[in-house]
1. Once both labels are modelled 7 Å past Cα along the beta-carbon direction, what's the E60-E119 spacing in nm?
2. If I stretch the segment between R23 and D45 completely, what's the gain in nm (0.36 nm per residue apart, minus their alpha carbon distance), one decimal?
3. If ligands, DNA and RNA are left out, what is the accessible area of V67 with a 1.4 Å probe, given in Å² to the nearest 10?
Amino acid sequence: MTDKTAKPFTERLRDRAASSKGRPGLANRAAILAAREDIQAAMADRWSVRQIWEQLVEEERIACGYVWFAKHVRDLISSSARSIAAPVEPVTSSDASAPAAAPVDPAPPADPPPSETPEPRPRPKRFHHPESPDMKDYL
């Protein structure tokens, strides 16, 4: 047996984790998540993602390239902002006694009644080559 088995397995895992740098992309992801509130505020003020990225790089808050930054913003921040913007409220039995909300307008009918059906558009005429072309027309 070697010296590696002298330590318990959990201690070897702890030593490995302490010496490991981890995955490089996770540091960028964590930095972007740390700046999430600033990014969301800037996006709400209609700043472009590129301008936000340039400022964060200049401030040395992130160290990733623009393409990865834009991907993380799309995946982590934009999707969470959409889910926060339109939360879905669960319906419970106590809501049944609450006054009903205003009725929703029904969707317009898919097909108009037969009396109001518009005339179909004429089909375009197809091009037919003349049987005996005049060569002067091609010059």
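1. Result: 7.5 nm between the two label points.
2. Working: separation 22, 0.36 × 22 = 7.92 nm, distance 3.30 nm.
Here the segment from R23 to D45 would lengthen by 4.6 nm.
3. It works out to around 110 Å².
The values are calculated or read from the model by the stated rules, or taken from the named source; none is laboratory data. These numbers were taken from a predicted model, which means no experiment stands behind them. We place every Cβ from the backbone using ideal geometry, glycine too, and count neighbours over all the protein chains shown. Ligands, DNA and RNA are stripped out before the accessible areas are found, and what is left, the full protein with its side chains, is counted by its heavy atoms. Shrake-Rupley method; radii C 1.70, N 1.55, O 1.52, S 1.80 Å.
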